[in-house]
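Below is one structure, written out as structure tokens; comments come after it.
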Amino acid sequence: MDPGRIVAVYGAYGHTGRFVVAELHGRGYVPLLVGRDRDRLAALAQAGPGHRARPAAVDDPAALDRALRGAAAVVNCAGPFADTAAPLVEAALRAGIPYVDVAAEIEANLDTFARFGPRARAAGVAVVPAMAFFGALGDLLVTAAMAEWTSADEAHVAYGLSSWHPTAGTLAAGAVSGRRRGGRRVRFTGGRLEYHGDALPTVVWPLPAPLGPQPVLGEFTMADVVTVPSHLDVPEVRSYLTVRAAADLAAPDPAPPTAVDGRGRSAQTFVVDVLVRSGGTERRAAAAGRDIYAVSAPLAVEAVDRILAGRTRTTGVASAGAVFDAPDFLRALSGHLAVDIPLG
């Protein structure tokens, strides 16, 4: 077995983790199943030929070190990332291997940049947080739309979701973020994060087909407010979410995703529409696909593949748009995303 093809997946038995394991396997990697629940790991290992399971709790550094032994990289799919990201990054740095996660938690991603930036850079190790639908996809689209621009006045990311049936992990992560904010909301304005209690405005956003114009909640802030400003000079970063998806998420007892195809994807579809503005000039980029959890897997695994192949622009803690060639990365996902980005 080529050790360069072994990739550890922490939280392998979770909803997104299973998609990541399948994507790795489909690309010829050997997934190393890691997580806190020994029984769930064993059951998943039995379902996949050649899969190995290594239980490890995030509060046990020695167990994490054993779990990552022999791995070429680690993908963290276990939220809340406020609890798991730092221990897994620490373990990756001890092992000298790249770390990728699918965190959508704004504060957890901020913590990763603040806490590990200098150390990861000094070690020459790539640490890429938010390498998922929320965080990476918007960042890649903004970066592609800006092209040669290094600064812009505004960046807008509109998430057109046909519905949103959240996983238990999404709900748990949201609860953690809510407690950290003291129930306040967050926005990125004037070049910094601002916590506030203002009501979210509703506007109509001209989403591309197949959704078309939709009512959206303005300032429904996602991880783009961490990823985009980490490498681009954009003092105003705003994101939006379709009202129907926000209502699903806020339901008293929201239904989890339900698989409707052989790949385990739900019927949910999405369009992500990006607008960047500099002076009187506007540029746009968009991507459309199916199932926000399922599409996080090719995003994360493509990142691992490029890091291991040396197809990166930097090391240390960096967002997708900073570490990868954004247009090329997006086009590489043509089997999962329909993209409309500037030529070049």
Ignoring ligands, DNA and RNA, what accessible area per residue does segment 213-344 give at 1.4 Å, in Å²? 39
Farthest positive-ward along the chain dipole, Cα basis, beta-carbon charges - from Trp205, Ala309, Val271: Ala309
Rounded to the nearest 0.05, what FRET efficiency is calculated for Arg277 and Arg94 with R0 set to 35 Å and r the Cβ-Cβ distance? 0.20
Using a simple charge model, +1 on the beta-carbon of Lys and Arg, -1 on the beta-carbon of Asp and Glu, nothing else, what dipole does the chain show about its Cα centre, in debye to the nearest 20? 700
Quick one: Debye curve from the C-alpha atoms of segment 211-295, no solvent, what's log10 I(q)/I(0) at q = 0.21 Å⁻¹? -1.21
Using all C-alpha to C-alpha distances in segment 240-336, build P(r) with 10 Å bins and read off the rounded percent in each one. 12, 34, 33, 19, 2
Take each of the peptides 134-146, 118-130, average the number of other beta-carbon atoms within 10 Å over its residues, and list them starting from the highest. 134-146, 118-130
Can you tell which of Met146, Gly17, Phe329 lies farthest toward the positive end of the dipole of the chain, using +1 and -1 charges on the Cβ of basic and acidic side chains (Lys, Arg; Asp, Glu)? Gly17
How much of the accessible area of segment 27-136, probe 1.4 Å, is carbon plus sulfur, in whole percent? 51
Of the DSSP H helices in the chain, those whose Cα atoms cover at least 15 Å axially and whose Kyte score averages 1.0 or more: 292-308
Once the dipole of the chain is set up from charges on Cβ (+1 Lys and Arg, -1 Asp and Glu), the residue from the list Ala338, Gly4, Gly26 lying farthest towards its positive end is Gly4
With a cut-off of 8 Å between alpha carbons and a minimum separation of six or more residues, what is the relative contact order of segment 1-94 in percent? 33
Calculate for the chain the 222 nm mean residue ellipticity that helices alone would give, adding -39,500 (n - 2.57) per DSSP H run of length 4 or more and normalising by residue count, nearest 500 deg cm²/dmol. -11000 deg cm²/dmol
Whether segment 258-307 is rounded, prolate or oblate, judged on the alpha carbon gyration tensor where a/c under 1.5 counts as rounded: oblate
Label points 7 Å out from Cα along the Cβ direction at Asp340 and Asp65: separation in nm? 5.3
Could you pull out every residue, at least 5 positions away or on a different chain, whose amide H is within less than 5 Å of the one on Val30? Hs are placed 1.01 Å off N in the peptide plane, and Pro or chain starts have none. Ile6, Val7
Once amide H atoms are placed 1.01 Å from N in the peptide plane, what residues at a sequence separation of 5 or more from Val125, or on another chain, have their amide H within under 5 Å of its amide H? Gly316
Give the relative contact order (percent, whole number) for the chain; include only Cα pairs under 8 Å separated by 6+ residues. 20
Read-out mean projected area of the Cα convex hull in nm², derived from the coordinates shown; its label in [x] 16.3; [y] 18.0; [z] 15.5: [x]
What percentage of the solvent-accessible surface of segment 191-344, computed with a 1.4 Å probe over protein heavy atoms, is contributed by carbon and sulfur atoms? 52
Output the peptides 246-256, 307-317 sorted from most to least packed, where packing is the average of other Cβ atoms within 10 Å over each peptide's residues. 307-317, 246-256
Report the full-extension gain for the segment Ala47 to Tyr195: residue separation times 0.36 nm, less the Cα-Cα distance, to one decimal in nm. 48.8 nm
Using the alpha-carbon centroid of each, what span in Å lies between segment 64-112 and segment 152-182? 20
Can you tell me what share of the DSSP beta bridges in the chain is antiparallel? A percent to the nearest 5 is fine. 55
Cα-centred dipole magnitude for segment 15-87, charges only on beta-carbon of K, R (+1) and D, E (-1), debye, nearest 20: 280
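The values are calculated or read from the model by the stated rules, or taken from the named source; none is laboratory data. Small disclaimer: the values here were computed from a predicted structure and weren't measured. Because the Cβ atoms are built from the backbone with ideal geometry, glycine has one as well, and the counts that use them run over all protein chains shown. Calculation scope for accessible area: heavy atoms of the full protein, side chains included, ligands and nucleic acids excluded. Shrake-Rupley method; radii C 1.70, N 1.55, O 1.52, S 1.80 Å.
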